[in-house]
Structure formats: structure tokens, C-alpha cells
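The values are calculated or read from the model by the stated rules, or taken from the named source; none is laboratory data. Just so we're clear, the structure is a prediction, and the values are computed from it rather than from any experiment. Here Cβ is always computed from backbone atoms with ideal geometry, including for glycine, and neighbour counts include all displayed protein chains. The accessibility values were calculated without ligands, DNA or RNA, using every heavy atom of the protein model including side chains. Shrake-Rupley method; radii C 1.70, N 1.55, O 1.52, S 1.80 Å.
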Amino acid sequence: MASLNVGNLGEFLREQRRHAQLSLRQLADAAGVSNPYLSQIERGLRKPSADILQQLAKALRISAETLYVQAGILDERKVDGVEVHSAILTDPSLTEQQKQVLLQIYESFRKENGYESGRESASARTNERAPDAREADGDPHAT
């Protein structure tokens, strides 16, 4: 079989599987795919569907978006926070609980600084323009 143009998906999956200290068979079982099929994906002989990529991402405890980008399904975006999320979710030295806590802390800081989902919130812009007016009324939470 000739290798399909799936970017570095197979190589990336193999690396993530090794970081997770899973055998090919263990990952296949955890993702609900056959061992030979996963092997073909890793060798670049098969292009998995978005559903299969999502199952693999869940089994590897990484974001599905990361695999979609590797497979060429999604274009890589440079959106605020996406790189941070990916870095946290793919770090093999962190436990699942540690990853979730870090993501929660990161998002709370972003909201505190006026950013939500990669865009500055309207309320944050309002707060930046008139902080003294809110405090003068005695209500620090008013918009």
C-alpha cells in the first residue's frame, strides 16, 4: 500500500502513545479500534475518520483538535490560548487532574484579564474604560 498524505499524523500518534506508555494493543483497546487498523494509521497507510481521531484523542487524553490538525481536517489556528491548551493536554508528565486544574486556572486568569474564547469580552472593555465610575457608586461588580 502507498502512504497517504495525512501529514505527520501517524508519527504524532506513535509519539503520543509512547509518551502515554501504552502499547499499540492497549491504545487500540482503549480507543475501540482494531490493532491492525491502528498500526496502519501509525504507518500512514490509513486515514482515520474524525470519529476515530476523537476516540484516539480521548484514549490518549489529548485534545481531538490537535489530532484533527495533524490529520489535515482542521487548519492550524493561532487563536489565543489554543497553544496553551494543547501544551497542557499533551504533556505526558501531568496527571489528568493536574491538566484540568491548570486549564481552569488559565481560563480564570484569561477571564480576569478580559479575554474569553480568544476575544476580549465587551464587559471587560467597559470595565477598562470606566473603573472609577463603578467604584464611586460603591458597587465594584456593576457594569
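Remarks
- Hits in the range 4-45 (condition: in a loop (DSSP other than H, G, I, E, B), small (Gly, Ala, Ser) and open to solvent by less than 40 Å² (accessible area, probe 1.4 Å)): Gly44
- Residue count for the range 35-58, restricted to those that are among the β-branched types (Val, Ile, Thr) and under 14 Å from Glu11 (Cβ atoms): 1
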